[in-house]
There are 2 protein chains.
Amino acid sequence: MSSPLTYKLIHQDKKTGARLGEITTPHGTFQTPMFMPVGTQASVKTLAPEELKEMGAGVILANTYHLWQRPGPEIVKEAGGLHKFMNWDQAILTDSGGFQVFSLAQMRDIKEEGVTFKSHISGAKMFLSPEKAIGIENDLGPDIMMSLDECPPYFSDFEYLQKSVARTSRWAERGLKAHRNPDTQALFGIVQGGPHEELRRQSAQDLVSLDFPGYSIGGLSVGESKEEMNRMLEFTTPLLPQNKPRYLMGVGSPDALIDGVIRGIDMFDCVLPTRIARNGTVMTSHGRLVVKNAKYAHDFTPMDPECDCYACRNYTRAYIRHLIKADETFGIRLTSYHNVYFLLNLMKKVRAAIMNDELLEFRADFFEKYGYNDSSRDF
Amino acid sequence: MSSPLTYKLIHQDKKTGARLGEITTPHGTFQTPMFMPVGTQASVKTLAPEELKEMGAGVILANTYHLWQRPGPEIVKEAGGLHKFMNWDQAILTDSGGFQVFSLAQMRDIKEEGVTFKSHISGAKMFLSPEKAIGIENDLGPDIMMSLDECPPYFSDFEYLQKSVARTSRWAERGLKAHRNPDTQALFGIVQGGPHEELRRQSAQDLVSLDFPGYSIGGLSVGESKEEMNRMLEFTTPLLPQNKPRYLMGVGSPDALIDGVIRGIDMFDCVLPTRIARNGTVMTSHGRLVVKNAKYAHDFTPMDPECDCYACRNYTRAYIRHLIKADETFGIRLTSYHNVYFLLNLMKKVRAAIMNDELLEFRADFFEKYGYNDSSRDF
């Protein structure tokens, strides 16, 4: 069977080993490291596909759990798959639904067979198994799909984590067997293991032995410190094959993106840019800015004077503040546009820095300017 | 003094006298009859200026009352006026704020000097006089501005309406005197008079004697029947000069637009297209369609198969229904885009029909297809 996904390593940063690469999917090629905007319900909140394209997003994410609930995979399948349904002709990645089952749903009951839970929308009792998750993802039709994993709290009891990791490996194998479209959809395995090197190693070994076309690292960015996350990445990425992409799930703060790339990560996703945008907060070259604050009422400069995005080229802080205070949707369109652009553009700069073997210098400059070295600032 | 606005009559429909014309403002020229999308708070809800341009909107409306409340005229003035503030380089029209004072605000006290009322946002006691309204509009800087008028209920007591109309004429004169920028902003007078021909005639005579660059017809589409509105238009437009534009305020349903044009109206505005869009209702060649209804869950056709707008070219009813049910902003972007386009495109067809002396035939075909002749349908 031929893999629907290929990873090409273009260059490694001489000092850190960070990877500049290229991933080719049935819906186009994108460079890595890449940040993937999240379109939970088949829409990156407030944005049009054309806007995402003009920002340089070559791949977006959609959520299996949410689309399973609404509109239902049968409707997406009937539409011809997610790409046609949402008018996006570039790459799409879906998660397995597991993370939402473990974070959003109520009354979970986890057994070997799968998870029983109550829908957070309808309240109905539902059941998700590895085979069911893969079946839904096959119906949705993304280019890249995830195995069903359990995502337990980071500092769970060791014995529980050990059992959970072993079950996640068995679930990954079951999913692989159930996968109906291995020639057109690339299924990734997800490395779990909490804070334990021993369990992360076991998880990686189990999954690598199943020869997935790519590997995700899950169970991080769930409340542990950034130092702790970086420690686990340093340990885990070397366990994964050089010729496959590595995806760190749920990470989107600028520092964590850069530090993840330094530790060998190729792909990231996070709702952060659109979520904070809806609260009137934007990322700028000089750190976060709460554009809806009163102090910007008379500020006729762009959100980020160093940014060349559509929103920053055309609109002022004063106008955007007004729109957000007045509950005008166009305000959060502009903050969302800017924030997604900011992260896509950050990754573009990161890729250039890798190409020039200057990633550590780029990190130092970026951290200083963004304010990460200023202990009085809160991120 | 040279007028900042010129109206050029291009052609009159041979059977109805409906006018095809052209209005030139300091920010460009647009053809009439024209529907003006409403950007109440300096944003046409959910839409970007570029989107309005690609639809062919040459003029939009903003609301003085709302902008007075938020962000305040001083901020818009400091930004360099509404055009710069909201990044719209074509024509802008503002109302006087009077309509909102009479419909939204509480505890109104109307005196010769002006109106005292409580802000519907802050609850603060505020005062609006003809001079104050013009002062705010001068600060906002639209190309076309309105005189402060009183807009009493349509079927008010005759004596009250008589006094009100006389006061509105005095207010129009006071506004004209207070106007600081007659060379760059065209001030319109507003004809009132409720259902009484005698009062409409008096109002029109008063205002025409003041030689405004254009005239609005107010106090219609406020609850009276469409037959009644058409009767008043038939009576009123002949009282207005041929060489000036005529603007029917607050009208946006397709039938009323066509019937207004037939009675000599050049300009219209209404929140209807964006308001119903937010409720998941769209206008189509075959009448209104509630796209969020369950029956469209599996419907993979466009909102209006005969429409060539961005939304109809790229998205299906099933997708848009899903977005609206899932509270995704992009859903109401698409319905808003389509509805505004629908009315702009309707007016384009109306202009072509006038040019070909076929407006009555166009009306008959449109009414039949839209369903206006079907008494079982509710509009």
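For residues that are surrounded by fewer than 24 Cβ atoms within 10 Å (Cβ to Cβ) and closer than 29 Å to B:Pro241 by Cβ, scanning just the range B:39-60, find the one that is nearest to the chain's Cα centre (by Cα).
Filtering first and then ranking leaves B:Gly58.
Just need a number here: residues in the range A:320-332 that are part of a helix (DSSP H, G or I) and facing chain B (nearest Cβ under 7 Å). Reasoning before the result, please.
Here is the first cut: in the range A:320-332, the residues part of a helix (DSSP H, G or I) are A:320-325, A:329-332.
Filter again for facing chain B (nearest Cβ under 7 Å), leaving A:322-323, A:325, A:329-330.
The number of residues fulfilling the criteria is 5.
Among all residue pairs at least 6 apart or on different chains, which show Cβ distances below 8 Å where the first residue, located in the range B:59-80, is farther than 22 Å from A:Asn293 by Cβ and the second is of a type in the set (D, E, K, R)?
That search, which allows pairs on different chains as well, returns B:Val59/B:Asp143; B:Leu61/B:Asp95; B:Leu61/B:Asp269; B:Asn63/B:Asp95; B:Thr64/B:Asp95; B:Thr64/B:Glu137; B:Tyr65/B:Asp95.
Tell me, yes or no, whether the range A:66-76 has at least one residue that is at pLDDT 95 or above and within 26 Å of A:Val261 (Cβ to Cβ).
no
Can you pull out the strands (runs of 3 or more DSSP E) entirely within the range A:1-53 that have at least 2 residues that are among the charged types (D, E, K, R)?
Numbers: elements: A:6-12, A:19-25, A:28-32, A:34-37.
Strands (runs of 3 or more DSSP E) meeting the threshold: A:19-25.
B:Val271: in contact (Cβ under 8 Å) with a residue 60 or more places away in the chain, surrounded by 24 or more Cβ atoms within 10 Å (Cβ to Cβ) and aliphatic (A, V, I, L, M), yes or no? Write out each step before concluding.
On the way: in contact (Cβ under 8 Å) with a residue 60 or more places away in the chain: yes; surrounded by 24 or more Cβ atoms within 10 Å (Cβ to Cβ): no; aliphatic (A, V, I, L, M): yes.
No.
Which one of the conditions (1) among the polar types (S, T, N, Q); (2) within 13 Å of B:Met126 (Cβ to Cβ); (3) at pLDDT 95 or above does B:Asn87 fail to meet, given that it meets all the rest?
(2) is the only condition that B:Asn87 fails.
Taking the range A:308-319 as the search range and keeping residues that are free of Cβ contacts under 8 Å to residues at least 40 places away in the same chain, more than 9 Å from chain B (Cβ to nearest Cβ) and not charged (D, E, K, R), which one is surrounded by the fewest Cβ atoms within 10 Å (Cβ to Cβ)?
Keep residues of the range A:308-319 that are free of Cβ contacts under 8 Å to residues at least 40 places away in the same chain, which gives A:308, A:311-319.
After this cut, where a residue has to be more than 9 Å from chain B (Cβ to nearest Cβ) as well, the list is A:308, A:311-313, A:317.
Adding the requirement that they be not charged (D, E, K, R) leaves A:311-312.
Working: A:Ala311: 21, A:Cys312: 24.
Of everything passing the filter in the range A:308-319, A:Ala311 is surrounded by the fewest Cβ atoms within 10 Å (Cβ to Cβ).
I'm trying to understand the selection: among the residues of the range B:61-99, which are away from chain A (no Cβ under 14 Å) and closer than 24 Å to B:Tyr154 by Cα?
Narrowing the range B:61-99 to residues away from chain A (no Cβ under 14 Å): B:61, B:64, B:90-99.
Residues satisfying the conditions are B:Leu61, B:Thr64, B:Thr94, B:Asp95, B:Ser96, B:Gly97, B:Gly98, B:Phe99.
I'd like the full set of residues that are touching a Gly at 6+ places or on another chain (Cβ under 9 Å), assigned to a helix (DSSP H, G or I) and surrounded by fewer than 24 Cβ atoms within 10 Å (Cβ to Cβ), limited to the range A:137-153.
The answer is A:Asp139, and nothing else.
Select the helices (runs of 4 or more DSSP H) contained entirely in the range B:202-309, then report the ones holding at least 1 residues which are farther than 25 Å from B:Leu9 by Cα.
Values: elements: B:226-236, B:254-262, B:272-278.
It comes to B:226-236, B:272-278.
What is the number of the single condition among (1) under 29 Å from B:Lys292 (Cα atoms); (2) away from chain B (no Cβ under 14 Å); (3) of a type in the set (D, E, K, R) that A:Lys15 does not meet?
For A:Lys15, the failing item is (1).
One line per residue, one yes/no per condition, for (1) within 26 Å of B:Cys312 (Cα to Cα); (2) assigned by the TED database to the domain that holds A:Cys307; (3) at pLDDT below 95; (4) β-branched (Val, Ile, Thr):
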{"position": "A:Gln31", "(1), (2), (3), (4)": "no, no, no, no"}
{"position": "A:Met34", "(1), (2), (3), (4)": "no, no, no, no"}
{"position": "A:Thr64", "(1), (2), (3), (4)": "no, no, no, yes"}
{"position": "A:Ser96", "(1), (2), (3), (4)": "no, no, yes, no"}
{"position": "A:Glu113", "(1), (2), (3), (4)": "no, no, no, no"}
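The values are calculated or read from the model by the stated rules, or taken from the named source; none is laboratory data. All values reported here derive from a predicted model rather than from experimental measurement. Don't worry about glycine lacking a Cβ; one is built from the backbone with ideal geometry, like all the others, and counts go over all protein chains shown.
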